[in-house]
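**Student:** Sharing a structure, written as C-alpha cells. Questions coming.
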Amino acid sequence: MQFRKKDLLGIKQLEPEEIEVVLETAETFKEISTRPIKKVPTLRGRTVVHLFYEPSTRTRTSFEIAAKRLSADTFNISASTSSIVKGETLLDTAKNLEAMNPDVIVLRHSAAGAPHMLARRVEASVINAGDGMHEHPTQALLDLLTIRDNKGTISGQTVAIIGDIAHSRVARSNIWALTKMGARVLVGGPNTMIPQDLDKLGVEVFNHLEDVIPEADVIMMLRIQLERQGKMLLPSLREYSKVFGLNEEKLSTAKPDVLIMHPGPINRGVEISPSVADGPYSVILDQVTNGVAVRMALLYLLIGGEKDD
Ligand code: CP
C-alpha cells in the first residue's frame, strides 16, 4: 500500500496499513542520520515552513533536522517574532506564506482543528505538529516506531498510558495509533484528568498504578500540563507524584523488559523520578532519535513522490 495523502492531520484518519508504510519508510531513513555526512538530495528544491504558535524543542528541531537531511529548504516562524503578534490571523499568515509557494507547512497551534482548517485552504501539504488538546500524530508515530524497535511488534503489547489524559494530545494520538495497530491500551490518572467516554476508544481505564505495572510491556508517562488546565485539577503536585508518579520502588514489580517512555518535556520528580527517566528501562531519548526518522519519512511520503489527491 502507498501513502497517498496531501496532509498528515491526525492518526484518526490513518489506516493501519498507512501507519505501517510510515514506520517502514522511517526505518529506511534511520541510517542516513548515522552517516558522517547526514544528507541526501531527496527533497532538494522543496520548501518546508515550520509555523509554531506554541513552544517546542523536540518537534520543531527534529522537523528541521529531518527536512535538512533530505536537502529541503526550511524556514521557521514563531508566533512571538512574526506579525502574528500584530494580530494577523492564522489564515492570513498561511495565505501569505502560501504566496511564497512552500511545499509543506508544519503547524503547531493551541486550537484543536487549526491544521485541518489550514489544509482545506492552502495547496501546500499541512502536517499537524500538535493542535491544542486534540492530536500530536507525529509523536504517536515515533512512539510506535520506538515500541516496534524494542519489542519487534506493536500488536499484542500491553501499553499503560499514565497521567493527564484529558489534556494530552499525545495520549489521544497514541490511543488511536496503538489500538489501530493491535495493542492493548490501559489508561490511568486522577479522575479529574480522565475523559468520561474513553472506553468508546477501545481502552481500559485503571485507578491504581500499582495494579497495572506488573502487566505492562510499555509504560508511557505523560507530563502534567498545567498550562492547559483552566482550573487546578490536583490537590498538589506532591500528592500526584505519590499516587501516579513512577519511581524505582513502584517499578520493582515491572516486567524485566518493560519500556519506559515519555514524550517530553519531563517534569522530573513529578510524573517520573530522575532515576527512572535516566534508568536502564528508559527509551525516552530513543523516542527523540526516532522523531527525526519518522519526520523524514512523512516529508518524503507527502512531497517526495506522486500524489493522487
Ligand atoms: N514531545 C513534544 O512534542 O515535545 P516538544 O513540545 O518539545 O516539541
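**Student:** Not counting ligands, DNA or RNA, and with a 1.4 Å probe, what is Asp143's accessible surface area in Å² rounded to the nearest 10?
**Tutor:** Roll a 1.4 Å probe over it and Asp143 shows about 0 Å².
**Student:** Between region 130-180 and region 237-281, how many Å separate their Cα centres?
**Tutor:** Using only Cα atoms to place each centre, the spacing works out to 17 Å.
**Student:** Suppose every K and R has +1 on its Cβ and every D and E has -1 on its Cβ; what is the size of the dipole of region 46-136 about the Cα centre, in Debye to the nearest 20?
**Tutor:** 160
**Student:** Here is a follow-up. Please name whichever of Met296, Leu233, His262 sits farthest to the positive end of the charge dipole of the chain, dipole taken about the Cα centre and charges placed at Cβ: Lys and Arg +1, Asp and Glu -1.
**Tutor:** After comparing all options, I get Met296.
**Student:** Averaged over every viewing direction, what's the projected area of the C-alpha convex hull for region 135-201? Give it in nm², one decimal, please.
**Tutor:** Mean shadow area of the hull around the Cα atoms is 4.1 nm².
**Student:** What nm distance separates the two modelled labels at Leu91 and Asp73, each placed 7 Å from Cα along Cα→Cβ?
**Tutor:** Each label point is offset 7 Å from its Cα along the Cβ direction, giving 2.8 nm.
**Student:** OK, next. Charges on Cβ only, +1 for Lys and Arg, -1 for Asp and Glu, centred on the Cα centroid of the chain; of Leu142, Ala171, Thr253, which one is farthest towards the dipole's positive end?
**Tutor:** About the Cα centre, the residue reaching furthest to the positive side is Leu142.
**Student:** Now for a different question. For region 1-42 and region 69-93, what is the separation of their C-alpha centers, rounded to whole Å?
**Tutor:** Their Cα centres are 24 Å away from one another.
**Student:** May I ask you to rank Thr138, Thr153 by accessible area, largest first, using a 1.4 Å probe over the protein chains only?
**Tutor:** Per-residue accessible area, sorted high to low, gives Thr153, Thr138.
**Student:** To continue, here is another question. Roll a 1.4 angstrom probe over the protein heavy atoms and tell me the percent of accessible area of region 24-132 that is carbon or sulfur.
**Tutor:** Whole-percent figure for carbon plus sulfur exposure: 52.
**Student:** Using a 1.4 Å probe and counting only protein heavy atoms, arrange Tyr300, Tyr53 so the residue with the most accessible area comes first.
**Tutor:** Result, largest first: Tyr300, Tyr53.
**Student:** How many times 2.2 N^0.38 Å is the alpha carbon radius of gyration of region 241-300?
**Tutor:** 1.30
**Student:** Taking only C-alpha pairs under 8 Å that are 6+ residues apart, what is the relative contact order of region 155-275 in percent?
**Tutor:** Relative contact order of region 155-275: 29 percent.
**Student:** Where nothing but the Cβ of Lys and Arg (+1) and of Asp and Glu (-1) is charged, how large is the charge dipole of region 168-265 around its Cα centre, in debye to the nearest 20?
**Tutor:** The calculated dipole for region 168-265 is roughly 480 debye.
**Student:** Work out the length of the dipole vector of the chain about its Cα centre, built from +1 on the beta-carbon of each Lys and Arg and -1 on the beta-carbon of each Asp and Glu, and round it to the nearest 20 debye.
**Tutor:** The dipole magnitude comes to about 820 debye.
**Student:** Let me ask something else about it. How big is the C-alpha Rg of region 162-309 next to the rule-of-thumb value 2.2 N^0.38 Å, as a ratio?
**Tutor:** That ratio works out to 1.12.
**Student:** Order the following by accessible area, largest value first: Glu17, Glu135. Probe radius 1.4 Å; ligands, DNA and RNA are ignored.
**Tutor:** Glu17, Glu135
**Student:** Specify, per residue and in Å³, the volume enclosed by the convex hull of the alpha carbon atoms belonging to the chain.
**Tutor:** Measuring per residue, one finds 135 Å³ for the Cα hull of the chain.
The values are calculated or read from the model by the stated rules, or taken from the named source; none is laboratory data. These figures come from a predicted structure and were not determined experimentally. We place every Cβ from the backbone using ideal geometry, glycine too, and count neighbours over all the protein chains shown. Accessible surface areas use protein heavy atoms only, side chains included; no ligands, DNA or RNA. Shrake-Rupley method; radii C 1.70, N 1.55, O 1.52, S 1.80 Å.
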